[in-house]
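What follows is a short report on a single structure.
The values are calculated or read from the model by the stated rules, or taken from the named source; none is laboratory data. All of these numbers come straight from a predicted model, not from anything done at the bench. In this analysis, Cβ positions are derived from the backbone assuming ideal geometry, glycine residues included, and neighbour counts consider all displayed protein chains. Side chains are part of the model used for accessible areas, which takes the heavy atoms of the whole protein and leaves out ligands, DNA and RNA. Shrake-Rupley method; radii C 1.70, N 1.55, O 1.52, S 1.80 Å.
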Amino acid sequence: MTAGEARARFATARVARLATADAAGRPHLVPIVFALVEETVYSAVDAKPKRSTSLRRLDNVRENPRVALLIDHYDDTDWDALWWARADGRGRVLDAAEPEARRAVALLSERYPQQRAVGEVLAVDVERWSGWAARSAP
């Protein structure tokens, strides 16, 4: 899979897995919804029930900005249809009042009308797109 194909698959995906690690290298993996704008992936803290709006993923990005995002397709009956795409980059935590964060929240609201952003926004500046597919795209 080319970098362009990996990015194109990201553009249409509805959910990704975000991998972060703290300063000591302890990994943390969570599913996220996101919006892709050029080479930046945005995700926001939303109003779903949580213990806090201070999330481990954001604390990790502040300590260690290197992150990875993964999307995939799995088909139990057709392993020739399997694929995954990954975005590696540097994360930034944006205050909700920043213009970039407000634009990201607007895009996320368009893409996911049920989402209600209530806090900071994660911006991941993608440095590398990669992926694999069992067969080439048509």
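Look at region 114-138: where a residue is under 12 Å from Ala87 (Cα atoms) and in contact (Cβ under 8 Å) with a residue 60 or more places away in the chain and a partner is hydroxyl-bearing (Ser, Thr, Tyr) and open to solvent by less than 30 Å² (accessible area, probe 1.4 Å), sitting 6+ places away or on another chain with Cβ atoms under 6 Å, you get Asp125/Thr40.
Residue count for region 94-138 satisfying the condition of being in a strand (DSSP E or B) and closer than 18 Å to Leu36 by Cβ: 13.
A quick yes/no check of all residues on (1) farther than 15 Å from Leu94 by Cα; (2) within 13 Å of the chain's Cα centre (by Cα); (3) modelled with pLDDT under 95; (4) in a strand (DSSP E or B):
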{"residue": "Val45", "(1), (2), (3), (4)": "no, yes, yes, yes"}
{"residue": "Lys50", "(1), (2), (3), (4)": "yes, no, yes, no"}
{"residue": "Asp59", "(1), (2), (3), (4)": "no, no, yes, no"}
{"residue": "Asp76", "(1), (2), (3), (4)": "yes, no, yes, no"}
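Remark: pairs (first residue in region 58-72, under 23 Å from Trp84 (Cβ atoms) and touching a residue at least 60 places away in the same chain (Cβ under 8 Å); second residue open to solvent by less than 40 Å² (accessible area, probe 1.4 Å) and not hydrophobic (A, V, I, L, M, F, W, C); Cβ separation under 7 Å; 6+ apart in sequence or on different chains) = Val61/Thr20; Val61/Gly91. For region 80-94, the set of residues classified as open to solvent by less than 50 Å² (accessible area, probe 1.4 Å) and either within 17 Å of Arg128 (Cβ to Cβ) or small (Gly, Ala, Ser) (or both) consists of Ala81, Ala85, Ala87, Asp88, Gly89, Gly91, listed by residue number.
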